[in-house]
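The values are calculated or read from the model by the stated rules, or taken from the named source; none is laboratory data. Predicted model only: the values in this text are computed from it and were never measured. FYI the Cβ positions are ideal-geometry reconstructions off the backbone, even for glycines, and counts take in every protein chain you see.
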Amino acid sequence: MVELLLLPASIRSELPFGYWLHLLIFGLGIITLLLTSVIIFIWLERRLVGRFQLRHGPNRAGPFGLLQSVADVIKILTKEDIIPSRADKLVFWMAPVIAFTPVVLMLGVVPVADGALLADLNIGILFVVAISSVTSLGVFMAGWSSYNKYSLLSAMRTVAQLVSYEMPLILSMVGVVILTGSLSLNEMVKAQSIPFILLQPAGFFIFFTASLAEINRTPFDLLEADSELVAGYNIEYSGMKFATFYLTEYCEAIVLSTLTATLFLGGWQGPWLPPMIWLLLKIGLVFCVIVWIRATLPRLRIDQVMNFAWKFLLPLAILNLLLTSLSVIFWPTAPAWASGLINLSMLAVFILVYSKFFKPGGKTVAV
Amino acid sequence: MTVQLEYNRIVEALPQNLASSVIAIEDHGLIIQPERLTDIAAFLKVEPGMELDYLCSITGVDCINYFEIDYLLYSIKLNHRCTLKVRLADKSEPAVPSLAGLWLGAELQEREIFDLLGINFSGHPDMKRIFLWEGFPGHPLRKDYGHGC
Amino acid sequence: MAVKTEPLFLNLGPVHPSTHGVFRMRALVDGEVITDIEPVFGYLHRGIEKLAESKSYRQFLPLTDRLDYVSSMNNNMAYVMAVEKLAGIEVPQRAEYIRVIMAELQRIIAHLLAIGSFFNDMGTFFTPFFYMFIQKEKITDLFEMVCGQRLLYNYMRFGGVSHDLPPEFIPALTRFLDEMPAEIKKYERLLAENEIVLARSKNVGVLTREMAVNASAAGPVLRASGVDWDIRKVDPYSIYDRFDFDVPTGANGDCYDRYRVRVEELTQSLNIIRQAVNGLPKGKVLNPVPLRFRPPAGEVYSHIEGNKGELGFHVISDGSDKPYRIHVRAPSFINLTALKNMLIGWKLADAIIIFGSIDICLGEVDR
Amino acid sequence: MLSEFSLIALFILIVLGFATSLVLIPVALRKLGIVPSQPSAVKSEPYECGLETTGPTWIQFKIRYYFYALLLISLDITVVFLYPWAVELTSLGPAGLITIFIFLGILAVGYLYAWRKGALEWK
Amino acid sequence: MEIGSGINSMDLDLHEGHVIEDLKNSAASALPEPSRWLDEEIERNIITTTVDKLLNWGRKTSLWTETSFTACCTFEFISTSSSRFDIARFGMEVLRSSPRHADLMITAGTLTWKMAPQIKRVYEQMAEPKWVIAMGACGISGGIFADSYAVVPGYNRILPVDVYIPGCPPRPEALLAGIELLRKKIEKRSIAKGN
């Protein structure tokens, strides 16, 4: 299976039915790989959180508790399916599908090795940008159609939060595009003889933070803030439909880890090991950082989340864009350490300036 | 040490029209007429030397022949305390003025007494049952309620 | 811009993850902002005060455990002190010291839980909560040594305590006292200056000094508003006048101050325990009272500084073996008086942590 | 290149089919008697902390949330133009830089206007 | 408090009072024991046993708990899930606040009549299959508060209880033992019996 995935894209023209074979291998390969890694990563997260909290985590189902997620899947697959009587039925049914589909699609343009990807679109990154915002639509549909007040609030937060973090997310990727000179993700990986995280630390910071918000992980997990909204947008979903949302969340986490690895950590590049293993290792690393953040930080409040996006990340992203384009034009021969340093110092100065205006706490709203 | 205010001192300090509403002085408190409760409490709250600005606790008791309500007041600044008591002889429709206007802290405690003893606090902003549900028969802390369910 | 919006009526609780049990708030929210709120009590009203009238003085003792179930020792102590005052019972010196040790250990448990659940409400994924629980378990073990129970101890008796300390208790306690300051320091390093914690809790839910006094707030809530009022200092009971400790107060009365006051009280409690262990005299621990115990007719109000504030027992006796009336001045209940004023105008997320920072225990609120 | 897009189009169909099957499998399993189903009136009512829900849920909600969506529409579309520019930046040279600075300047005016008008404050 | 559309909170109070009184009148005695099927012999074939094994393994291994904790026993439940006893070993650290996602209701604490309609409603809204553990003396019989005017003498008045765990409160070890019993009970389910 792995060898097949690593076949160069050229098999398409050489083999009979090469086109369909390619679609089949990559189409099914992506889905299988994604589902397997979700199961493993859920287990990884639960074990890791366990370690962060000085306990064991699941360890009874199978060796090291590896089958825990499998048991969860079996259980949830055979759980009763409840359709709330007052819900908007059509939207209620469609929401999980619409939330889940785009997440998987994003992987279609990510290379697992040189040239080994489903479709090497010349607008790869634009495709990712375009398709990634569809998930929030699914989430909004779920929250709204359930006819539940908590999920409605969660849906409204989706509109505000997920949409706001699109901007910095998109802008932070422009810096990478400038350095690469291409929109294809495969080209981007190939351009990274030095991982872009070293050239674009500010860009990485913006991208990673914004993607945390996009996948609603701590400290931006307002959509399913347990302590406020009980369970969030999926409160009325049970059985497999709920599982689809659960799956979507983890798939999103994995996909955004993949994008982070591809855009900033050099993707499949790396010595000794096969490219795909390198990519998986990097994805795992990013995912572990996400889990670490989840186990550590409290949650922000909605106005703080919004301010952070619009008043901090957005100006920072524009500044990063300007600085990168200036340096590309006027100092194209800059050594890597210099441009990295410039970028980093810009980040530091911006944070220092911002902290002058940072006021903790909040104020009441006159009612 | 929180000192117990001497009740004689309080009575002396009270203006004439309020002092007349003191019924008796007992070991455990100053028994006053229910109608003048708010005036006396308001006076004690601000009067220099008293400044009983902290309403600690309100207890309602069913004493078979009458209801008794004890108000325990503290002075945070002067660190002393005193107890005011009112007795309600009318057991069918007991009512007493509410202190919720003077102390916010009285609000919930008075509702509790209304719920469990059935004493009405006139002037309370939201006089309704607090622990038990609407439609619960009787008031459990009354002695004639019996025990258990 | 005038766009007509309707308020949303929302039930927060009674089955809600962050109402600390079964508290319920009826809230009107306009978007995120709470415009009106009505606390609903009584979901755990068990009629303890009525049950007291049908039980003997001694039989009522276990019921006090179940008032505020995370501070059973303090409840025991307040009740037995009230009855001792009523009947004029002498308590041996050793028992007084043991009582103080137990009460302060219990205070540490209660404050640890308050701090932990405060952070849970803020959205940390159980990590601080479980860290606090690790320490709580150590104290639970100590309690288990002396009385065999883990939660509801029923340890104190009229005229002393039920058992003397077992020989292994003092070494274990000393070990705990040695370990705990480092642990507190660790929590401080992790939590106290965390930007998100500051952003969420500073200037949030301010309870002014005047309002706190007017609303009869007590304990850490009152002290965080800047009122130096601790029953242990202003009206020393038991043997608290022999110990040297500070009363930490806050300046602003916001959520952060309430959290700080609790953290600093941990250190003070450790101080007191250390002094009590050093001064622990030898001798008997119980002046037995007759089984059919009839205190003289009369009434008494006796109070201690409970974990949540002034915990008072108003005991009225008619000379029989059953109390005529027992009224509990429940700090959790009375601290909630100002809740409405503290919540209106704040956002939903703030409301949850303001409520959490008051730190109530439903068993005591509803009794 | 068209074949790449057709691949993506087919992939969309595959994933949609997969996602739909995820939702429909329990329906099939219910027919087999593996997934239990005991519907009742209370069960299909909305969950609200164990209480009956009072008042309407689908109300005219606060506009504040949509505000950001509006802002995004005005800014996001323009940002997409940055991508083609970014690809060609090295060949465009300083001239391209100046054009895009003017472009971003216009964008910034709109952004600062929104900031000044308080559209970014959560009220 | 005015809620809008002409309702104020007093109307709600009255309505909720009615609900409580109705429930109180209808729950005069305990519900029938739900575990009679445990002893029933049924015909199984190779398919049902295999499917049963798989399903029951999945269900018993992944018991997600509903957060519907009322009183004292809650703290022993939290102790059980905290680092020392670590219920997560059995995959049970997932606390779901929504009854739609939960499998298990651990009734930790005293139930009052005022709370009973809410708990009953949450139970009814849980998705099948679902289980109930009555934790502690209050959950079994009202315990120390059984005489009170406000306390429901045992959860089995309103819910079918699967496992009872005595203790006031039960120790974490007891709770784990109770969960183990429940897992044994789940193993006996069969799709041939329609559950």
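Of all the residues in the stretch C:262-307, those that are of a type in the set (D, E, K, R), within 19 Å of residue C:77 (Cβ to Cβ) and buried (at least 16 other Cβ atoms within 10 Å of the Cβ) number 2. Looking at C:164, C:141, just one residue is in a helix (DSSP H, G or I) and charged (D, E, K, R), and that residue is C:141.
Within the stretch C:223-257, count every residue that is surrounded by fewer than 19 Cβ atoms within 10 Å (Cβ to Cβ), within 16 Å of residue B:74 (Cβ to Cβ) and charged (D, E, K, R). So the answer is 2. Filtering the stretch E:153-185 to residues that are crowded, with 21+ Cβ neighbours inside 10 Å, within 13 Å of another protein chain (Cβ to nearest Cβ) and part of a helix (DSSP H, G or I) leaves E:157, E:172, E:175, E:179.
Scan the stretch E:58-81 for residues that are more than 29 Å from residue C:41 (Cα to Cα) and free of Cβ contacts under 8 Å to residues at least 24 places away in the same chain and the total you get is 1.
Residues in the stretch A:63-78 that are more than 28 Å from the chain's Cα centre (by Cα) and within 13 Å of chain E (Cβ to nearest Cβ): A:78 alone. Scanning the stretch D:49-58 for residues that are at the interface with another protein chain (Cβ under 7 Å from one of its Cβ atoms) and out of contact with any Leu (no Cβ under 8 Å at 6 or more places or on another chain) returns D:50, D:51, D:53. Of everything listed in (1) within 22 Å of the chain's Cα centre (by Cα); (2) within 30 Å of residue B:117 (Cβ to Cβ); (3) surrounded by fewer than 24 Cβ atoms within 10 Å (Cβ to Cβ); (4) in contact (Cβ under 8 Å) with a residue 40 or more places away in the chain, the single unmet condition for residue C:38 is (1).
Look through the stretch C:19-70, keep the residues that are among the basic types (Lys, Arg) and within 14 Å of chain D (Cβ to nearest Cβ), and return whichever of them is farthest from residue D:50 (Cα to Cα). If we take residues in the stretch C:19-70 being among the basic types (Lys, Arg) and within 14 Å of chain D (Cβ to nearest Cβ), then C:26 is farthest from residue D:50 (Cα to Cα). Within the stretch A:156-172, can one find any residue that is part of a loop (DSSP other than H, G, I, E, B), aromatic (Phe, Trp, Tyr) and surrounded by fewer than 22 Cβ atoms within 10 Å (Cβ to Cβ)? Within the stretch A:156-172, not a single residue is part of a loop (DSSP other than H, G, I, E, B), aromatic (Phe, Trp, Tyr) and surrounded by fewer than 22 Cβ atoms within 10 Å (Cβ to Cβ). Within the stretch A:47-70, the set of residues being closer than 26 Å to residue C:190 by Cα, of a type in the set (Lys, Arg) and without any contact (Cβ under 8 Å) to a residue 12 or more places away in the chain comprises A:51, A:55. The helices (runs of 4 or more DSSP H) located wholly in the stretch A:271-340 that include 2 or more residues which are aliphatic (A, V, I, L, M) and without any contact (Cβ under 8 Å) to a residue 60 or more places away in the chain occupy A:275-296, A:314-330. Scanning the stretch B:42-63 for residues that are of a type outside the set (Asp, Glu), surrounded by 20 or more Cβ atoms within 10 Å (Cβ to Cβ) and either assigned to a loop (DSSP other than H, G, I, E, B) or at pLDDT 85 or above (or both) yields a total of 10.
Within the stretch A:51-84, can you find the residues that are among the β-branched types (Val, Ile, Thr) and part of a helix (DSSP H, G or I)? Those that are among the β-branched types (Val, Ile, Thr) and part of a helix (DSSP H, G or I): A:70, A:73, A:74, A:76. Number of residues in the stretch C:192-209 that are touching a residue at least 12 places away in the same chain (Cβ under 8 Å), more than 9 Å from chain A (Cβ to nearest Cβ) and closer than 20 Å to residue C:267 by Cβ equals 1.
Here A:302, A:290, A:329, A:351 are screened, and the one residue that is of a type in the set (Val, Ile, Thr) and modelled with pLDDT of 85 or more is A:290. In the stretch C:310-367, of all residues being assigned to a helix (DSSP H, G or I) and of a type in the set (Gly, Ala, Ser), the one that is nearest to residue E:73 (Cα to Cα) corresponds to C:363. The sole residue among E:100, E:84, E:59 that is within 11 Å of chain A (Cβ to nearest Cβ), within 30 Å of residue C:153 (Cβ to Cβ) and not small (Gly, Ala, Ser) is E:84.
Residues that are farther than 19 Å from residue B:131 by Cβ and part of a loop (DSSP other than H, G, I, E, B) were ranked within the stretch C:1-15; the one that is modelled with the lowest pLDDT is C:1.
Quick one: in the stretch D:1-42, of everything that is more than 18 Å from residue E:130 (Cα to Cα) and charged (D, E, K, R), which residue is farthest from the other protein chains (Cβ to nearest Cβ)? Within the stretch D:1-42, the match that is farthest from the other protein chains (Cβ to nearest Cβ) is D:31.
Any residue that is closer than 22 Å to residue A:43 by Cβ, out of contact with any His (no Cβ under 7 Å at 6 or more places or on another chain) and of a type in the set (Phe, Trp, Tyr) - is there at least one of those in the stretch A:238-245? Yes, the stretch A:238-245 contains at least one residue that is closer than 22 Å to residue A:43 by Cβ, out of contact with any His (no Cβ under 7 Å at 6 or more places or on another chain) and of a type in the set (Phe, Trp, Tyr).
Please verify whether residue A:245 is more than 26 Å from residue A:325 (Cα to Cα), in a helix (DSSP H, G or I) and of a type outside the set (Asp, Glu), treating the condition exactly as stated. Yes, satisfied. The residues of the stretch D:59-82 that are part of a loop (DSSP other than H, G, I, E, B) and within 7 Å of another protein chain (Cβ to nearest Cβ), listed by number, are D:59, D:60, D:61, D:62, D:63. Residue-level analysis places residue C:131 outside the set of residues that are among the hydroxyl-bearing types (Ser, Thr, Tyr) and closer than 30 Å to residue C:284 by Cα.
When restricted to residues that are surrounded by 12 or more Cβ atoms within 10 Å (Cβ to Cβ) and not small (Gly, Ala, Ser), the stretch D:99-122 contains 11.
Listed conditions (1) of a type in the set (S, T, N, Q); (2) touching a residue at least 60 places away in the same chain (Cβ under 8 Å); (3) surrounded by fewer than 16 Cβ atoms within 10 Å (Cβ to Cβ) are all met by residue A:258, apart from (3).
Within the stretch A:79-88, restricting attention to residues that are touching a residue at least 24 places away in the same chain (Cβ under 8 Å) and either away from chain E (no Cβ under 11 Å) or not aliphatic (A, V, I, L, M) (or both), the residue that is surrounded by the most Cβ atoms within 10 Å (Cβ to Cβ) is A:79. Against the test of being free of Cβ contacts under 8 Å to residues at least 60 places away in the same chain and not acidic (Asp, Glu), the options C:131, C:153 yield a single qualifying residue, C:131.
Only a single item in (1) under 18 Å from the mean Cα position of the chain (by Cα); (2) more than 14 Å from chain E (Cβ to nearest Cβ); (3) more than 29 Å from residue A:325 (Cα to Cα); (4) buried (at least 20 other Cβ atoms within 10 Å of the Cβ) is not met by residue A:278, and it is number (1).
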